[in-house]
Amino acid sequence: MRLLAAICAFCAVANMASAEVAIRIAYLRVETSRPPTLSNLDPIPDDLGLAGARSGLKENATTGRFLGHLYELEEVIVSEGEDTLEAARTALASTSFILLDAPASTQKAIADLAEAEDAILFNTSSGNLSLRDSDCRVNLLHTIPSDVMRTDALVQFFVKKRWSDFVMISGTHSADKLYAAAMKRSLTKFGLELRAEKIWAFDADMRRNAAQEVPVFTQEFGDYDALIVADEVRDFGRYILYNTWEARPVAGSEGLTAVTWAPVVEQWGAAQLQTRFREEQERPMEPQDYAAWAAMRSIGEAVTRTNSSNPQTLRTYLLSDTFELAGFKGRPLTYRTWNGQLRQPIPIVHPRAMVAQAPLEGFLHQRNEMDSLGLDKPESQCKAFEE
Amino acid sequence: MPPLKLAPLFLALSLPVHAGEIWVTNEKDDTISIIDTDTLEVVRTYETGERPRGITFSKDFSRVYICASDSDTVQVMDPETGKILHDLPSGEDPEQFVLHPDDRHLYIANEDDAITTVVDTETRKVVAQIDVGIEPEGMAVSPDGKIAITTSETTNMAHWIDTETQELFANTLVDSRPRHAEFAKEGTELWVSSEIGGTITVFDVATQAEKAKISFDVPNIHPDRVQPVGFEFTPGDTHAFVALGPSNHVAVVNGETFEVEEYILVGRRVWHMAFNADHSRLFTTNGVSGDVTVIDVGSRKPIKSIKVGRFPWGAAFRP
C-alpha cells in the first residue's frame, strides 16, 4: 500500500478502546482528471468533500462526548493510476463505513467487492441516475442528489413560472450529456418539452469574444421563455449570460441553478452551518461538502439513536421510519427505501440569493412531497433493496 | 354638551386594569416593536443591536435584556426610554437566554460556540462557561433555581446544569433540533420542543426520564411542515400553547393528558409568544409574514394581525 495516503485525522479521538461505542469512518477519494475549462475563476478546492466529512465528524464527536461514543475519520486518497479496489479493500479491513468520492463505475465496483458485502457505503459525489436505478447496490446509499432531482427541481420552477418554450445549449463532456438527458427527462415528466438544442463545440477563448459569438450562436433559436445550459464541467456557460440574442433568462448549469447546497442558503438555521463550516474550513461549503457532511451526520445520528456501531443495526435504522436528519433544509431528511437516495429539498439559486426551494408549493405527492424530485418508487428499476 | 365631554373619560375608565405591553424583537430590522395589549397597536419602536432575538425583563420590569446575536452581546435597555444602558459580556452569538429566579444571573446560549455562558448582571462579569452540544438554543431554569437547561439543536440534547457547581449532571436525547425548553408543574416536569422531530418531549425532572412525547397532526398539512418551536403555559400549567413554525398554526395541548385539543391558524412561520397580564390574550410572533397574531385565549380564535418589523422572533410581556 505504498501508493496510498492514509491519514488519521483527529487522532485525539483515536483512543477508542475505552469508549462504549467506537466507530471508524473512511473517506475514500479517487482522483480523476478534470477537463480544462475556459476560465479559472473558480478553482476546485483540494479538500472538496473531505472538508464536509471533517465538519460532520466534529459534530458527531461533540454529541459522542456526552454519550461515550467515539468517532474516527480515516482519509484515503487514491491518485490516478493507483489500484482503487485494493485501496478500498484495505479501508474495508478496518471499517464498515466509507464515504465515496469517485466516479459512478468505480463506486459500483467497490460496492461489489466481497469485503463490502456488509458495509455501508455513501455516494457523496455522483449524480449519475443509473446508480439509483438498475445499477443500484444494496450497500450504497446516496447523500448527493441525483442529476434528475436537480433538474426536476428546476422544471418545477419553470412550471410555476408558466414558462413553456425551451431551448438548450449542451456541452460535449459526459457530465454535460448526462445533465442534458436528465433535463429532457424532467421536462417530459412535468409535461413540457425542449424545442431546440445546440451543441457547444467551440474551441475559442470566450473570455475575449463571448460578446461576438454568443449572440450569433443563439440567434437561430428565435424567441423562447428560457435558455437551458448543460455545462456541468463549468466550461462555457458563464459566458452565455447577458450575451444571448434574445433577452431571456438562462438556467441549468449556469444562471438559475438547482443545487444540493450553496453559500446563499441561509434559512432554516443554514446560516449556522455555513458560519461553522467557513470558520473551520476557511472557505464556503460546496455541494459535495454538504453531501459528505450529510453522510457523516447520518452515521452519527444512527449511532446516537441506536447506541450501536453494528453496520446491520445502523443500516436498518437509517432506512427506517424513525431515522431523520436535520439537514438545515427545513424538513427532516430521510432515505428512500427503494434505492437508498437521501430525500432532500433542492435550493434554486443565483449567485446572490436563493430564488425558491423545491419541492415547490403545489407539487403534491401521496407519500412525501420531496418524492416529486428524482426517481420515485414506481419509476426506479432498482431491485437490490427489495427484501 | 357635558355628556359628550364625559364620554372619553368613561372609555378610559372602562379599560381593563391590567393594561400592558408586548415587546417583540424583529430579527432582521434590529428593532423592538412594542404593542399595547389593549389597543392592539404598535405604540413605539426602539432600535437595538444587530439581529435581536431572545428578550426578557428583570423581575421588577425596570430593565429589559435583549440578545443582540450578531453584535455578540446582551443589551440592557431602560424600558421607559428605550435607551441602551450598557452591554453585558455574553459570549459569541447569544440567541436565547433565561433569567435565574435570583433576578441576577443570566444563562445564555451561545449558538456558534457550543457554550452556555452565565453572566452576573450586577457585576457585568461572566461567572461560568459550560461546554454543551452544538448550536445551543433553548434555555430554562427550574423555579427553585437549582437546575438550568440548555438544548442543543445539532447535538439533539437537553443538557442539565447544576447551578450550584455550574456543571452538567445529565444529558438527555430528544428528537431532532430541540428549540425551546420550559419547566412546568412547579418544576417537576421539563418540556422540550423538537423542531425537525416534530415533537415535544416531557421529562420527569427528578429522574430525567422521558415521561411523555407529544406529536402534532395539523389537518391538511404535511407532517414535515409541523415544526414545534416556542411554547407557553396557561396559569396552573393546565394547557400549553405551542408554536408550530411553518405549519402556521399554534397547538393547544392539555397539560394533564398531553393531548392536542385545538389548532389555531396564525401568521407564517410562527416562532414564540407571550400572554397579556390576565392571560386572556396570546401574542404570537410570525417570522415570515412579519406580523403578530393576537389569539383570544378563551375562545381559542385569532382576533387580529398586527404588522411589526421584519422577521419578528422573541416576545415578552411588560405590565
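Fewest to most neighbouring Cβ within 10 Å: what's the order for A:Met206, A:Met354?
By the 10 Å Cβ count, ascending: A:Met354, A:Met206.
Among the listed pairs A:Lys108/A:Lys189; B:Lys213/B:Lys304; A:Lys160/B:Lys304; B:Lys28/B:Lys307; A:Lys58/A:Lys108, which have their C-alpha atoms separated by more than 21 angstrom in this model?
Beyond 21 Å: A:Lys108/A:Lys189; B:Lys213/B:Lys304; A:Lys160/B:Lys304; A:Lys58/A:Lys108.
Label-point separation (nm) for A:Leu41 and A:Asp133, each offset 7 Å from Cα along Cα-to-Cβ?
3.3
Could you pull out the trypsin sites (Lys or Arg not before Pro) across the range B:32-100 that fall in loop regions by DSSP (anything but H, G, I, E, B) with no more than 15 other Cβ atoms inside 10 Å?
Listed in order of number, the matching sites are B:Lys59.
Rounded, prolate or oblate: which one fits the range A:164-227, using the alpha carbon gyration tensor with axes a ≥ b ≥ c (rounded when a/c is under 1.5, else prolate when a/b beats b/c, else oblate)?
Cα axes put the range A:164-227 in the oblate bin.
Given a Förster radius of 25 Å and the C-beta distance between A:Glu280 and A:Glu117 as r, what FRET efficiency does 1/(1 + (r/R0)^6) yield to the nearest 0.05?
0.10
Could you list which residues have their amide H under 5 Å from that of B:Gly54, counting only those 5 or more apart in sequence or on another chain, with H placed in the peptide plane?
Here B:Cys67 satisfy the definition.
Taking a cut-off of 27 Å between Cα atoms, list the lysines near B:Lys211, but don't count ones fewer than 8 places away on the same chain.
List returned: B:Lys146, B:Lys185.
With loop defined by DSSP as not H, G, I, E or B, and exposure as at most 11 other Cβ atoms within 10 Å, which is the longest segment of chain A clear of exposed trypsin sites (Lys or Arg not before Pro)?
Maximal segment without exposed cleavage sites: A:163-351.
I want to check the label-to-label distance for A:Ala211 and B:Glu259. Put each point 7 Å from Cα in the C-beta direction and report it in nm to one decimal.
Once both label points are built, they end up 7.3 nm from each other.
Once a ≥ b ≥ c are taken as the square roots of the eigenvalues of the Cα gyration tensor of chain B, is the result rounded (a/c under 1.5), prolate (a/b larger than b/c) or oblate (a/b not larger than b/c)?
oblate
Just to confirm a number: summing +1 for Lys and Arg and -1 for Asp and Glu over residues other than A:Gly330 whose beta-carbon lies under 9 angstrom from that of A:Gly330, what do you get?
Neighbour charge sum, excluding A:Gly330 itself: +2.
Which value, to two decimals, describes the C-alpha radius of gyration of the range B:62-136 once divided by 2.2 N^0.38 Å?
Computed over Cα atoms of the range B:62-136, the ratio equals 1.03.
Where in chain B lies the longest segment free of GluC sites (Glu not before Pro) that are both loop residues by DSSP (not H, G, I, E, B) and have at most 15 other Cβ atoms within 10 Å?
B:187-255
The numbers here are math on the coordinates, done by the rules we state, and not lab data. It should be emphasised that the depicted structure is a prediction, and the values quoted were computed from it without experimental measurement. Every residue, glycine as well, gets a Cβ built from its backbone with ideal geometry; the counts of neighbours run over all protein chains shown.
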